[in-house]
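Below: the structure, in structure tokens.
The values are calculated or read from the model by the stated rules, or taken from the named source; none is laboratory data. Every value quoted in this text rests on a predicted model; they were computed, and no experiment measured them. Here the Cβ is made from the backbone with ideal geometry for all residues, glycine too, and neighbour counts use every protein chain on show. Quick note on the areas: whole protein, heavy atoms, side chains included, nothing else; ligands and nucleic acids left out. Shrake-Rupley method; radii C 1.70, N 1.55, O 1.52, S 1.80 Å.
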Amino acid sequence: MEGGHWYDKAGRLILEVPRADGKGMKSPTLREARKEGWRPSTTTILQIISRPGLVSWQLQQVVAACLRHTRGGGTEEEYSKRMIEASEEKAVLAADFGTQVHKGIWQGFNGERLDAEDAPAEVVRSFWPWYEQQGFDCFKSEHSFVSPLGWAGTIDMVGEYEGESCIVDFKTQEFTSEKGVNWYDEHPLQLAGYAVGCYDVAGITMRRFSVVLSRNVPGLVVKKEWEERERWDAAFLKLWELWKLLKKYDPLDGE
């Protein structure tokens with residue numbers, strides 16, 4: 001049963017639910033979401049689309065794992081399983097790095113002490129000189145919302161850019177120059193989910209930015225403003241309709 005990120009009607013992120021056998025906790029799934037009427041996150045909706053860039057990266061990690069580890073004993077199936085597990089280590093580390101950077105930026109916006117590990121902390125500290133030069137002004141950080149259209153999410157930053165309202169999504173990647181950043185369709189689609197779900201329904205137009213921080217070159221930060229807002233909004237709404245059909249679940253049914 002697939003997981004994903006889920007929010008209750010009050011906008012609280014549901015991290016864990018009790019196991020059916022009463023032995024500990026587990027991540028929530030679509031089954032629990034249907035039962036409780038929870039809202040899928042914007043990123044959970046986007047899981048239904050193909051992500052060629054991610055698939056290519058995952059295959060590269062599997063090949064790298066095979067080159068690092070000898071075959072040894074066991075069957076081919078057992079070896080394949082070990083290599084897949086080994087290849088996922090880097091993804092887990094990258095995800096943890098990104099989580100620490102997001103938390104560190106949130107702490108900075110809220111005047112709290114940075115408590116990230118050494119490498120993520122250096123990336124966060126090196127981010128602020130860049131940020132101060134860009135013309136952004138943060139009003140809200142890690143802003144959770146529940147859309148009247150049926151989904152939910154957490155926006156990294158809500159504020160202004162050059163005097164106009166904007167939303168910003170932060171990402172981390174490995175790159176050593178501005179041209180080394182990888183841009184994917186899910187970036188503007190994620191921002192469309194935020195804008196359509198939280199602001200467009202209130203008649204508020206938001207400029208949309210992806211800001212990517214380099215994990216291996218602290219201080220190297222690249223921003224991209226996504227234009228063609230109507231096209232990305234229409235695409236996200238189509239994905240939302242498809243998601244509901246595929247999952248056989250509409251959080252608004254019965255309300």
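Structure above, values below:
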quantity: Qualifying residue in the stretch 235-244 (condition: open to solvent by less than 40 Å² (accessible area, probe 1.4 Å) and either among the basic types (Lys, Arg) or in a strand (DSSP E or B) (or both)); calculated: yes
quantity: Close pairs from the stretch 42-56: first within 13 Å of residue 152 (Cβ to Cβ) and touching a residue at least 60 places away in the same chain (Cβ under 8 Å), partner assigned to a helix (DSSP H, G or I) and small (Gly, Ala, Ser), Cβ under 8 Å, at least 6 apart; calculated: 42/193; 42/197; 45/193
quantity: Residue in the stretch 76-84 that is open to solvent by 50 Å² or more (accessible area, probe 1.4 Å) and over 30 Å from residue 30 (Cβ atoms) present; calculated: yes
quantity: Test: residue in the stretch 49-66 that is open to solvent by 90 Å² or more (accessible area, probe 1.4 Å), small (Gly, Ala, Ser), modelled with pLDDT under 85 and within 18 Å of the chain's Cα centre (by Cα); calculated: yes
quantity: Complete set of residues in the stretch 113-129 that are assigned to a helix (DSSP H, G or I), hydrophobic (A, V, I, L, M, F, W, C) and surrounded by fewer than 16 Cβ atoms within 10 Å (Cβ to Cβ); calculated: 119, 128
quantity: From 249, 184, 194, residue being open to solvent by 70 Å² or more (accessible area, probe 1.4 Å), of a type in the set (Ser, Thr, Tyr) and either under 17 Å from the mean Cα position of the chain (by Cα) or within 24 Å of residue 50 (Cβ to Cβ) (or both); calculated: 184
quantity: Unique match (being assigned to a loop (DSSP other than H, G, I, E, B) and among the aromatic types (Phe, Trp, Tyr)) among 194, 184; calculated: 184
quantity: Subset of the stretch 197-233 that is under 17 Å from the mean Cα position of the chain (by Cα) and basic (Lys, Arg) - its residue that is least open to solvent (accessible area, probe 1.4 Å); calculated: 208
quantity: Residue satisfying condition, being free of Cβ contacts under 8 Å to residues at least 40 places away in the same chain and closer than 25 Å to residue 13 by Cβ, within set 215, 113, 208; calculated: 113
quantity: All helices (runs of 4 or more DSSP H) inside the stretch 6-112 with 2 or more residues being closer than 26 Å to residue 188 by Cα and small (Gly, Ala, Ser); calculated: 52-68, 76-109
quantity: Failed condition for residue 158, given (1) touching a His at 6+ places or on another chain (Cβ under 7 Å); (2) under 20 Å from residue 237 (Cα atoms); calculated: (2)
quantity: Residue within the stretch 14-28 that is open to solvent by less than 100 Å² (accessible area, probe 1.4 Å) and within 15 Å of the chain's Cα centre (by Cα) present; calculated: no
